[in-house]
Amino acid sequence: MDLSAEALRGYIDYLRDMGVYDMYRQGDPADSSELQTWLKTLAPAVAAGATAAPVAAPRAAAPPLSRPSAPAAPQRPAPVRPATPASRPGAGPDIVIAAPASAAPMRAEAPAIAPPTSAPFDDFIPETGPFAPPSMPLVSFNQLAPLPASRITPQDKAAALQSVRDIIGDCTRCPLAYAGRHSIVFADGDPNAQLMFVGEGPGADEDESGIPFVGKAGQLLNNMINAMGLKREQVYIANIVKCRPPKNRVPEPVEANTCSPFLLQQIDIVQPKVIVALGATAATYLLGLKQPLAGLRGQWHDVRGAKCAVTYHPAFLLRDPRQKGEAWKDLQRVMVELDLKPPARA
Ligand code: SF4
């Protein structure tokens, strides 16, 4: 089965698990010629995928993620809550809603049309029209939930983080669970770290190992940390999403929004003094701002009571090493804030 069909089947299975067949539908499908064309094009690919691979075994259900009781700020768009939550394995609390369609499942629509074989799954997500993902207003981590009324003590942080990991379980709350991930990449580092790095999402090496930033970009991040006079074990490293997006694409808003409450809790537990957002995706979701990186660098932002600096993602620096000097300027500001000294040269 080619990758596009596999990814497509994963998404369709995800929607079916949710009891949703038309999450992005906005009009009457009976009147939509675009819908009919879309279904006729996709259904054979789904059917082909279904015969090429067995259906995955049900996953263990994860307990619901507790939420603060009185958020005054606007909430992120609700994800899709299934009509029969008990029947969906791994059901989470923060998955939003759409009414199940009365129409028959897509496979019943399969006509004898050759499935697309070369385009990646992302090509199936239209930017406009009835199947365009709903627009999702950005909500910063500060708006997402109020700060905790009480702070966790240093000796309890490791156990609290483990509780968050336990709540995540074998998570199926967003489509990335069905997109070929091998590991849920939770975090790495010191639960009492003063400095936290937040990236975008796991890549292939991270998906394989279950540890964030272990590939080439991770090696560069290690070098950056060492240049700041720290060791990797002294900082805390996490990502916006904990499962690898297919082909390392940027996480979809529904994926980032669904996974964000876990990172929010990690930040609230670790209580770093400084957070470094690595790249535009991390900055966008942490700050609730979609702006060019240049406009976000060079200033302090507030994220959950921590000072947040924005800099380039190490993967970008590998592609454009000329920007390493700019990234170093960003890290030097962090060093001043944390009173760090670069290691003495031998
Ligand atoms: S990315 Fe986050 S919300 Fe989505 S399946 Fe993975 S852990 Fe769950």
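A short reminder: the numbers here are calculations on the coordinates, not readings from a lab. Keep in mind that this is a model prediction, so the values were computed, not measured. So basically every Cβ, Gly included, is an ideal-geometry build from the backbone, and we count neighbours across all protein chains shown.
Remarks
- Per-residue ³J(HN,Hα) for the range 213-218, Karplus 6.51 cos²θ - 1.76 cosθ + 1.60, θ = phi - 60°, Hz, x for Gly and Pro: 6, 10, x, 4, 5, x
- Extension gain for the segment residue 165 to residue 183, taken as residue separation times 0.36 nm less the Cα-Cα distance, is 5.2 nm to one decimal.
- When you count the other C-beta atoms within 10 angstrom of each residue and take the mean per peptide, 176-185, 262-271 line up highest first as 262-271, 176-185.
- The Rg/Rh ratio of the range 141-338, with both radii computed over alpha carbons and Rh defined as the Kirkwood radius, is 0.93.
- The ranking of 150, 163, 140 by Cβ neighbour count inside 10 Å, starting from the fewest, reads 150, 163, 140.
- Simple spin-label estimate for residue 192 and residue 299 in nanometres, 7 Å along Cα-Cβ: 3.5
- Under the Karplus curve 6.51 cos²θ - 1.76 cosθ + 1.60, θ = phi - 60°, whole-Hz ³J(HN,Hα) for the range 168-181, x wherever Gly or Pro sits: 4, x, 8, 4, 10, 6, 9, x, 5, 5, 10, 10, x, 5
- Amide H to amide H distances under 5 Å link residue 303 with 308, where only residues 5 or more positions off or on other chains count and H is placed in the peptide plane.
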